[in-house]
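Notes to accompany the following structure.
The values are calculated or read from the model by the stated rules, or taken from the named source; none is laboratory data. The model shown is predicted, which means the values in this text are computed figures rather than measured ones. Virtual Cβ from ideal backbone geometry, glycine too; neighbours counted across all protein chains shown. Surface areas here come from the heavy atoms of the whole protein model, side chains and all, with no ligands, DNA or RNA. Shrake-Rupley method; radii C 1.70, N 1.55, O 1.52, S 1.80 Å.
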Amino acid sequence: MTRLRIASVIADLGFGGSENRLLSFAGTIDRNRFEHVVLTLYRQEESTEQLIGSRRQAYSDAGVEVIDMGERPQRRILPSWRPSHVVSGGATLRRLLRRMCGVIRQRRIDLVDAQHATAALMGLLAGTLTRRPVTVTEYYPYYFDRPGMRLVGNAVFLLADAFICDSKAQSDLINRWLLRPHPRSVVIPNGIPVPLVTRTKADMRELLAIPPDRSVRVVGQVSRLVPHKGQRVLLKAARKVLMEAPDTYFVITGYAGEDPPYLETLKQDARDLQIEDRVRFVNWPGSIGDVWELLDIHVHASVEDSLPIAITEGMSFGKPAVVTNVGGVAEMVTHEETGLVVPMHDSKALGDGVLRLLREPDTARRLGAAALERYQRGYRPEVMTRALESLFVDVVARLRARA
């Protein structure tokens with residue numbers, strides 16, 4: 001049986017939900033039926049890895065083939081319509097397309113899986129030039145929602161053979177933004193493996209100077225350290241919690257390279273709130289499973305998101321959670337069934353949710369067990385990958401039938 005050849009196009013392999021989702025797909029794809037390669041627009045550079053982190057080693061460890069297209073990392077190929085930007089951006093675009101089309105033809109790729117923003121644009125162009133079907137994965141329209149780019153964004157979405165999103169809420173948002181809804185919008189939630197645990201809870205408490213006493217509880221958030229993840233709201237909630245449950249520690253874990261000043265802002269907030277002795281800021285260099293092993297309660301205070309990978313990971317560990325009603329979170333976490341869902345920007349509601357789980361251990365256990373069951377039923381990597389495989393096979397089959 002001839003295997004279907006898939007090329008996933010992504011800008012780079014930093015620390016982020018999109019990179020984790022693609023890694024999960026690449027690691028669980030049926031290699032008896034598919035060949036898969038990842039094309040990154042930008043080459044590997046130490047300065048960029050310090051800024052956004054890198055998941056390249058994880059891709060290598062999983063046996064995923066990655067081909068760099070060789071461009072110098074940049075935020076946008078066309079930052080504006082200024083003549084100098086048009087000239088330099090046009091040259092970059094031509095180089096990338098020449099290389100991408102060469103790989104697609106040489107590898108006899110059957111379908112281009114274009115992932116987000118610049119990579120969605122480049123993947124659509126390369127697929128069109130080589131007459132391959134293209135699927136576009138996107139969670140927000142914001143990259144194209146700027147002067148001169150709205151029509152480009154509409155073309156990227158509507159010319160794609162399928163538009164994939166990880167939540168219905170964000171899929172509906174993008175379809176409202178488009179001039180007309182995409183005729184084939186597909187929602188495929190994230191499927192993420194259970195992170196590896198290499199250290200015990202006791203080891204982690206000792207490393208982070210958290211008392212070993214069982215009466216001490218640990219509450220934490222795992223996410224990139226950027227403002228829209230809501231860590232400042234969590235710190236305000238932490239002050240409320242500590243006034244009523246002083247034997248609580250808060251661990252805020254995430255990569256700060258993308259916005260270094262924000263970490264200092266968070267540390268200053270902790271000092272201003274007079275809770276710095278009970279808050280740990282952690283850029284954990286080991287397996288993130290070690291942090292999940294440490295936490296008793298998971299909090300996700302995001303104010304802008306689609307379907308956060310961290311919530312999926314927390315569910316895989318059966319952690320009771322308090323999360324904000326942002327993006328598609330309510331599609332994954334049902335209030336009072338698999339977690340507590342509170343409004344965004346509401347530190348009081350967030351704090352009240354944490355206090356309830358601290359005071360009601362039976363409720364915490366019930367919600368954690370239900371979250372684990374939901375993860376096993378719908379958010380394992382294999383569930384997501386089989387859905388994507390089926391979509392890709394159908395898209396290619398339809399194109400061949402038309403041809």
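List of remarks:
- Criterion (at negative phi, touching a strand residue (DSSP E or B) at 6+ places or on another chain (Cβ under 7 Å) and of a type outside the set (S, T, N, Q)) met by exactly one of Val326, Val341: Val341
- Sole residue being open to solvent by 40 Å² or more (accessible area, probe 1.4 Å) and either closer than 17 Å to Ile252 by Cα or not hydroxyl-bearing (Ser, Thr, Tyr) (or both), chosen from Glu373, Glu313: Glu373
- Some residue of region 250-270 being in a loop (DSSP other than H, G, I, E, B), crowded, with 17+ Cβ neighbours inside 10 Å and free of Cβ contacts under 8 Å to residues at least 40 places away in the same chain: yes
- Complete set of residues in region 14-62 that are part of a loop (DSSP other than H, G, I, E, B), at pLDDT 90 or above, within 21 Å of Val194 (Cβ to Cβ) and touching a Lys or Arg at 6+ places or on another chain (Cβ under 9 Å): Asp30
- Some residue of region 143-159 being assigned to a loop (DSSP other than H, G, I, E, B), charged (D, E, K, R), modelled with pLDDT of 90 or more and open to solvent by 20 Å² or more (accessible area, probe 1.4 Å): no
- Ala120 crowded, with 23+ Cβ neighbours inside 10 Å and either at pLDDT 95 or above or not basic (Lys, Arg) (or both): yes
- Picking from residues in region 7-23 that are in contact (Cβ under 8 Å) with a residue 60 or more places away in the chain and within 8 Å of the chain's Cα centre (by Cα), the one that is surrounded by the most Cβ atoms within 10 Å (Cβ to Cβ) is Arg21.
Let's see how each residue does on (1) touching a strand residue (DSSP E or B) at 6+ places or on another chain (Cβ under 6 Å); (2) in contact (Cβ under 8 Å) with a residue 40 or more places away in the chain:
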position: Leu151; (1), (2): no, no
position: Ala155; (1), (2): no, no
position: Ala160; (1), (2): yes, yes
position: Phe163; (1), (2): yes, no
position: Leu173; (1), (2): no, no
position: Gly191; (1), (2): no, yes
position: Pro195; (1), (2): no, yes
position: Thr198; (1), (2): no, yes
position: Met204; (1), (2): no, yes
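- Against the test of being open to solvent by 30 Å² or more (accessible area, probe 1.4 Å), small (Gly, Ala, Ser), farther than 20 Å from Ile192 by Cα and assigned to a helix (DSSP H, G or I), the options Ala349, Ala397 yield a single qualifying residue, Ala397.
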